[in-house]
Amino acid sequence: MAQAGRTYGRGAAILSAGIGLTGLITFAYFSLASHALSEEDYGQVALLWSAIFITVSVLYRPVEQLLSRTIADRDARGVTGGEHLRVAATIQLVLGAAFAIAGLLLRDPIQDDLLGGSATLYWTLIATVLAYAASYFARGFLAGHRHFALYGGLVLMESSSRFLFALAVTLGLLEGQGAVALGMAAAPIVSLAVVPPALARRFRAAPPLPDAGDAPPEGEFTLSHGTGFALAVLLIMLAEQTFLNAGPLLVRATEGESGAAQAGFVFNVLLLARAPLVLFQAVQTSILPHLTRLWVSENAGTEADSFRRSVNVTLAAIAAFAGCVALAMLAAGPFLMGIVFGGDFDYERAGLVLVALAMGLYLSAATLNQALLAQGRAASAAACWVACATGFVLFLLISPIDDPVLSVEATLLGVAAALCALLYALYRRA
């Protein structure tokens, strides 16, 4: 248990450093792009990035999670063979092909309405999303085998290569919006350079454990059950994007002439929840294979209650972090938000505290979700996410709260609490 805990801790620390540095480099990429391009061209590049980020997160993270859990499970049980890789690759190829077909059929609205008529940006979108299919497959492989340093190197190399294109345009070596956008397509391809070292490490590793022989196959290792797991996680990803984006979008759609400004204000406030989620990806990535191994060991009788202890430690750390953020918002929230974002917005102290508390509950729900995925209960977890995301949107539409910003803040807190409670109830029933 102690060795597993140390491995998990090191993995989370390495990934936190890599993802944190990646975030800074991504910020630098957009900073250079904003100086090198006109406001209109930069706005289209930013919109392209948002479309890519949301699409790949929803489409490809399910296979990343499937691979991560399945590899960890098989390693813990001593099962050999490559059927899990074939299942994951098949699902990823189908998802990529579905996106390509949809993208080609919807070329006119995507290119003309979303990307300002730019064919270059349209083809960049198509190429980048397809390239990320391989990148997310590699991420799942690396996470499952606990190659967290290489995982961190992959995301760091991705952001660095993207940054170089914006730097080249700034220095005059390349020119225009297309060159900046090309960095988005090149980044996931270049980042795959970390895969050969990972494969080499696997070949140099100790001889594999004996095959499980007559052990009954796990559901995830067949195409039908693997697809079921991936679809459940895809629904979870859609629900996650609903929590993060529905508030600003609904405010924009329902507040008339002031909608755009109000939506920007809501977006700024929700960054209190978004920013920790970026760093929490490191914990999510490392905790799933860690919990999967503990779950297998606990069921085999070689570990005693280590699974729940690991979950409880993570939940306690989240509670402490969220409490500190809430206290900071209570003490100086409006002042800090004014410094960071400027403008004439009036940030309400109580609303910022609500979002900080919602962030803690949301991160706790994400941790419980990983525990349920480790137990192979993806469908039950997805049902909770979909129900809460649906309730979030419906309540925002019929909210009795007149202030749209407070409505989003209060609804997010309530739904995050409901989601956390539902997932915890499932987790306790295991």
### Query
What's the exposure ranking of Ser38, Ser306, Ser286, going from fewest to most Cβ atoms within 10 Å?
Ser38, Ser306, Ser286
### Task
Specify which residue in the list Thr227, Ala168, Thr124 is farthest towards the positive end of the charge dipole of the chain, using unit charges on the beta carbon of Lys, Arg (+1) and Asp, Glu (-1), about the Cα centre.
Thr227
### Task
For the chain, count all C-alpha to C-alpha pairs, find those more than 41 Å apart, and express that count as a whole percent of the total.
15
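Relative contact order of the chain: what whole-number percent is it, with Cα pairs under 8 angstrom and at least 6 residues apart? It would help to have the intermediate numbers written out before the result.
Numbers: 537 pairs, mean separation 88.8, N = 430.
Contact order relative to length: 21 percent.
With a length cut of 24 Å (Cα positions projected on each helix's long axis) and a Kyte-Doolittle mean of at least -0.5, go through the chain and give me the DSSP H helices that pass.
Values: long enough: 2-36 (51 Å, 0.67); 39-77 (55 Å, 0.10); 83-105 (33 Å, 1.47); 119-144 (38 Å, 1.12); 148-170 (33 Å, 1.30); 223-254 (43 Å, 1.12); 259-299 (53 Å, 0.83); 306-341 (44 Å, 1.59); 349-374 (38 Å, 1.47); 378-398 (30 Å, 2.13); 404-428 (36 Å, 1.54).
Sorted by number, the helices that extend far enough and score high enough are 2-36, 39-77, 83-105, 119-144, 148-170, 223-254, 259-299, 306-341, 349-374, 378-398, 404-428.
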### Message
What whole-number distance in Å separates the alpha-carbon centres of region 100-132 and region 348-416?
### Response
31
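Neighbour counts of other C-beta atoms within 10 Å: give me His145, His35 arranged from fewest to most.
Numbers: His145 20, His35 11.
Ordered from fewest to most neighbouring Cβ atoms within 10 Å, His145, His35 come out as His35, His145.
Determine the relative contact order of region 222-430: mean sequence separation of Cα pairs under 8 Å and six or more apart, normalised by residue count, in whole percent.
Values: 212 pairs, mean separation 60.0, N = 209.
Result for region 222-430 is 29 percent.
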### Task
Mind sorting Ser191, Ser68 by how few other Cβ atoms lie within 10 Å of their own Cβ, fewest first?
Ser191, Ser68
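In debye, nearest 20: dipole of region 1-199 around its Cα centre with unit charges on the Cβ of K, R (+) and D, E (-)?
On the way: 11 positive and 12 negative charges, 222 e Å.
Dipole size: approximately 1060 debye.
Can you pull a Stokes-Einstein diffusion coefficient for region 1-199 at 4 °C (1.567 mPa s), Rh from Kirkwood over Cα pairs, as a whole number of µm²/s? Mind showing how you got there, number by number?
Details: Rh = 17.9 Å.
Reported coefficient: 72 µm²/s.
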### Query
If you take the Cα atoms of region 272-406, find Rg, then find the Kirkwood Rh from the mean of 1/r over all pairs, what is Rg/Rh?
1.06
### Message
What distance in nm lies between label points placed 7 Å from Cα along the C-beta direction at Ala98 and Phe321?
### Response
3.1
### Summary
Which of Asp112, Asp41, Asp75 fluctuates most in a GNM of the chain (C-alpha springs under 10 Å)? That residue is Asp112
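Each value in this text was obtained by applying a stated rule to the coordinates, not by laboratory testing. Note that the structure is a prediction, hence the values are computed from the model and not measured. Note that each Cβ is placed from the backbone with ideal geometry, even for glycine, and that neighbours are counted across all protein chains shown.
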